[in-house]
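**Student:** Quick one: this structure, given as structure tokens, is what I'll be asking you about.
The values are calculated or read from the model by the stated rules, or taken from the named source; none is laboratory data. These numbers were taken from a predicted model, which means no experiment stands behind them. Note that each Cβ is placed from the backbone with ideal geometry, even for glycine, and that neighbours are counted across all protein chains shown. The area values use the complete protein model at the heavy-atom level, side chains included, leaving out ligands, DNA and RNA. Shrake-Rupley method; radii C 1.70, N 1.55, O 1.52, S 1.80 Å.
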Amino acid sequence: MNYWLFNYKDTDVKISDFLTKGHIITVPVLANEDKIKKEDKVIIWQSGKDTGCLGLGMVVSDILKNEENQGLYVTLFINYNLQDKAISKEQLGTQACKFDEYYEKDFTEDIVEMQDEGHYNCLLEIIQENQLAEDKSEELVGNSVPIFPHNIILYGPSGTGKTYRTINYALAIIEQKTLNEIASENRRDLRARYNKYAEEGYIHFLTFHENFRYQDFIESFRKTTPNIQGVSHEIEEGVFKQIALEAKRSIVESLLANMPKKEQKVSFNQLYTAFLNHIKSDRFESFMTNDGRKILLHNVARFGHIVARPQNSFSTYTLSKHKIKKVYDKFSNGMVTNDLETELINIIGPTNPIAIWAVFSELKRFEQGYMESLQKDGDQHEVDDEEVKEFELNQMQNIANFQSKRHVLIIDEMDRGDVISIFGEVLSILNSSKREGAPEAQAVIMPYSKTYFSIPPNLYIIGTMNIDDQELAEMDISLRSRFHMIKVAPMPMVLPTIISGDLQIDLANMLAVINARIAVVLGQGKGIGHSYMMSVQNFQELKLAFYGKILPILNDIFDGNNAKLGLVLGKGFFHKIEFDKTDILAHFDEEINAKYGKQKRYLLKGFNEVNEMDFIRIYNQSASLVTTKPGVDQATA
């Protein structure tokens, strides 16, 4: 495990803005990308006007690449999040000397590899002793799974396999696996599991088209049989609203299944919350050390830390929940030691180990009675309010995000429909931050039913769009900003070389050259996907694919301009026809008459007029200038 200091200059990046939004953040990596690994510890540092530590966390993802494969990023889980209140040099006290270089105005290094855990542990001690932030580590326990955006759009040229890949994305989301893990499996097995989830109602597939409306997707009125009062209307829920309600049902079922029961093991947080209520009550007198000295409770501070004092003194000290839990984890199973004080110092440090042991001893005595009280009513036991509160705070979001069944809606060819109109007001609550259970959760009022509607966090949307980079740039910002756009490029290297007589036609090089030429003529983004030639095995099948699928797309891309198309395919695919109409034109100007009198047309050859060499000539002189390396799914903000 390595220890890092991630430094952010407040004039460049306002890192506190990211920290105030949550405990999981994705940040740029400007150095040491080959050394940073999962589970490395990280100090979040801000330099500038308010220099200091803003949080402690850990790396929870591999290094990620942006759309152009140039910028690098990594995801961090911030378990001690100070948000916008940096630890000052004064707060470090005698430990400040360890951080002198980082408080200097000329400190500009972006990522610093620390020699050991010393700096991290020093800041951790300051945070815990001064109650600067609550430990969120428990939220990460059991959640070491891939984190997918709630809303994804796979975009790129037609035929690049976007719909094909939606199966991989859907399975990765539902089974909480990485895309690489899914891709390594047999396609037949993947398809079988996909079909199973679809039959069970966890995967839904639909296609947008010109006539698809808001009323089909969200909700509408439905006329019922006329009666004496006239024609009445009932609300008919659209497909998206139905899927959202089913996803929410899965969360409710998981929450009910995970509610505390008498036979379940009580978590430390649940036990500790009940213990705090016990020591604040009149029934509790004092903590007792092993040698009979009394320690009195002064108060219970923020985050559950205990402020106590010796019986014969008014000087108080804080016994942190974090340290009490460490002792509980070590000794709760009844393990004994010959040198208790030394063992405690090794676990929690030299500050008040005997007092913490006294609290732990009282906690263990309380635990026995507490567990008995939970079980005495048998199956009729009702969960008390404190247990419910503890459950809601520490488990509900975890269950909703990671334990409840996930639902995936695949929307194919989204660009064929009026997406803004189809989603309507629901578009404003698609973001993860607006989903149910999120800090900024939001619900909207439905125009037909006049009821509130919100989107659960276990519903994921995967869309596909046949658009290029220019069309993406022109997309409505309200739509683009709510979806994680992933570019799916053609993969010519998966295509075979076919044999026809004594000739070989390299389909991979042919497609690579075609797309390179399209990019020169029309700009980046447009092209032909590899899927149209995936099943080609001989020359006859190549001609069928070319004339039946590829040429119609090329004709559409070039708006029927065969001269431009000729720059891509070459003269082997065209008849050149010249027209001389100068005799019918009035004599005006020699140059103008020649321009309009003598014309050329390029007519595409018929299916049976092309031969193998016409296809080979597409690429044989240009293949060395382009690459057939695989296209990579590239994410863009």
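**Student:** Would region 568-586 turn up any residue that is under 13 Å from L522 (Cβ atoms), at pLDDT 85 or above and aliphatic (A, V, I, L, M)? First the steps, then the outcome.
**Tutor:** To start, the set of residues in region 568-586 that are under 13 Å from L522 (Cβ atoms) comprises 568.
Applying the additional criterion that residues be at pLDDT 85 or above yields 568.
Pick out the ones that are also aliphatic (A, V, I, L, M) and you get 568.
Yes, region 568-586 contains a residue that is under 13 Å from L522 (Cβ atoms), at pLDDT 85 or above and aliphatic (A, V, I, L, M).
**Student:** Mind checking which residues of region 37-61 are touching a residue at least 60 places away in the same chain (Cβ under 8 Å) and either farther than 11 Å from T75 by Cα or more than 23 Å from the chain's Cα centre (by Cα) (or both)?
**Tutor:** Once the filter is applied, which keeps residues that are touching a residue at least 60 places away in the same chain (Cβ under 8 Å) and either farther than 11 Å from T75 by Cα or more than 23 Å from the chain's Cα centre (by Cα) (or both), region 37-61 yields K41, I43, S47, C53, G55, L56.
**Student:** Only one of K326, K364 is at negative phi and either of a type in the set (D, E) or in contact with a helix residue (DSSP H, G or I) (Cβ under 7 Å, 6 or more places away or on another chain) (or both). Can you tell me which? Break it down into steps so the answer makes sense when it comes.
**Tutor:** Numbers: K364 fails: either of a type in the set (D, E) or in contact with a helix residue (DSSP H, G or I) (Cβ under 7 Å, 6 or more places away or on another chain) (or both).
Answer to the selection: K326.
**Student:** Is there a residue in region 308-318 that is assigned to a helix (DSSP H, G or I), hydrophobic (A, V, I, L, M, F, W, C) and surrounded by 14 or more Cβ atoms within 10 Å (Cβ to Cβ)? I'd like the intermediate steps shown before the answer.
**Tutor:** From region 308-318, those assigned to a helix (DSSP H, G or I) are none; that's our starting set.
No, that holds for no residue.
**Student:** Can you give me the number of residues within region 319-368 that are among the hydrophobic types (A, V, I, L, M, F, W, C), farther than 28 Å from L132 by Cα and in a helix (DSSP H, G or I)? Show your work before the answer.
**Tutor:** Just the residues of region 319-368 that are among the hydrophobic types (A, V, I, L, M, F, W, C), to begin with: 319, 324, 327, 331, 335-336, 340, 344-345, 347-348, 354-360, 363, 366.
Right, trim to farther than 28 Å from L132 by Cα and you get 335-336, 340, 366.
Narrowing the set further to residues that are in a helix (DSSP H, G or I) leaves 340, 366.
So the answer is 2.
**Student:** Test D580 against the criterion of being in contact with a helix residue (DSSP H, G or I) (Cβ under 8 Å, 6 or more places away or on another chain), open to solvent by 50 Å² or more (accessible area, probe 1.4 Å) and among the acidic types (D, E), and give yes or no. Walk me through it before giving the result.
**Tutor:** Values: in contact with a helix residue (DSSP H, G or I) (Cβ under 8 Å, 6 or more places away or on another chain): yes; open to solvent by 50 Å² or more (accessible area, probe 1.4 Å): yes; among the acidic types (D, E): yes.
Yes; evaluated as a whole, the condition is true for this residue.
**Student:** Would you mention how many residues in region 178-209 are surrounded by fewer than 16 Cβ atoms within 10 Å (Cβ to Cβ) and touching a residue at least 12 places away in the same chain (Cβ under 8 Å)?
**Tutor:** Total satisfying the criteria: 6.
**Student:** What number of residues within region 429-485 are modelled with pLDDT of 85 or more, among the aliphatic types (A, V, I, L, M) and part of a helix (DSSP H, G or I)?
**Tutor:** Qualifying residue count for the region: 2.
**Student:** Which number in (1) more than 26 Å from Q95 (Cβ to Cβ); (2) at pLDDT 80 or above; (3) not β-branched (V, I, T) marks the one condition that Q70 misses?
**Tutor:** Only one criterion is unmet by Q70, namely (2).
**Student:** Go through region 499-540 and count every residue that is touching a strand residue (DSSP E or B) at 6+ places or on another chain (Cβ under 8 Å) and either in a helix (DSSP H, G or I) or open to solvent by less than 20 Å² (accessible area, probe 1.4 Å) (or both).
**Tutor:** 5
**Student:** Identify the residue in region 102-150 that is assigned to a helix (DSSP H, G or I) and modelled with pLDDT under 80 and, among all such residues, is least open to solvent (accessible area, probe 1.4 Å). Quick ask: steps written out before the conclusion?
**Tutor:** Initially, region 102-150 is screened for residues assigned to a helix (DSSP H, G or I), giving 102-103, 118-129, 137-140.
Imposing the further condition that a residue be modelled with pLDDT under 80 reduces the set to 128-129, 137-140.
Working: Q128: 11, E129: 59, S137: 42, E138: 86, E139: 76, L140: 43 Å².
Only one residue tops the list, namely Q128.
**Student:** I would also like to ask the following. Can you confirm whether K564 is within 21 Å of Y602 (Cβ to Cβ), touching a Pro at 6+ places or on another chain (Cβ under 8 Å) and open to solvent by 40 Å² or more (accessible area, probe 1.4 Å)?
**Tutor:** On the way: within 21 Å of Y602 (Cβ to Cβ): yes; touching a Pro at 6+ places or on another chain (Cβ under 8 Å): no; open to solvent by 40 Å² or more (accessible area, probe 1.4 Å): yes.
For K564, the condition - within 21 Å of Y602 (Cβ to Cβ), touching a Pro at 6+ places or on another chain (Cβ under 8 Å) and open to solvent by 40 Å² or more (accessible area, probe 1.4 Å) - is not met.
**Student:** Please verify whether N290 is open to solvent by 50 Å² or more (accessible area, probe 1.4 Å) and over 24 Å from K136 (Cα atoms), treating the condition exactly as stated.
**Tutor:** Details: open to solvent by 50 Å² or more (accessible area, probe 1.4 Å): yes; over 24 Å from K136 (Cα atoms): yes.
Criteria met by N290.
**Student:** With on the phi > 0 side of the Ramachandran plot, surrounded by fewer than 21 Cβ atoms within 10 Å (Cβ to Cβ) and out of contact with any strand residue (DSSP E or B) (no Cβ under 8 Å at 6 or more places or on another chain) as the only criterion, which of G93, G48 stands out? It would help to see each step written out before you state the result.
**Tutor:** Working: G48 fails: out of contact with any strand residue (DSSP E or B) (no Cβ under 8 Å at 6 or more places or on another chain).
After ruling out the rest, the residue left standing is G93.
**Student:** Then there is this: Any residue at all in region 285-301 that's part of a helix (DSSP H, G or I) and either among the small types (G, A, S) or closer than 23 Å to Y80 by Cα (or both)? Please lay out each step first, then the result.
**Tutor:** As a first pass, look at region 285-301 and keep what is part of a helix (DSSP H, G or I): none.
No - not one qualifying residue is present in region 285-301.
**Student:** Do we find a residue being under 21 Å from Q131 (Cα atoms) and either touching a Leu at 6+ places or on another chain (Cβ under 6 Å) or surrounded by 21 or more Cβ atoms within 10 Å (Cβ to Cβ) (or both) anywhere in region 24-40?
**Tutor:** There is no residue in region 24-40 that is under 21 Å from Q131 (Cα atoms) and either touching a Leu at 6+ places or on another chain (Cβ under 6 Å) or surrounded by 21 or more Cβ atoms within 10 Å (Cβ to Cβ) (or both).
**Student:** Can you name the condition, by its number, that A545 falls short on among (1) on the phi > 0 side of the Ramachandran plot; (2) open to solvent by less than 60 Å² (accessible area, probe 1.4 Å)?
**Tutor:** With respect to (1) on the phi > 0 side of the Ramachandran plot; (2) open to solvent by less than 60 Å² (accessible area, probe 1.4 Å), A545 is out only on (1).
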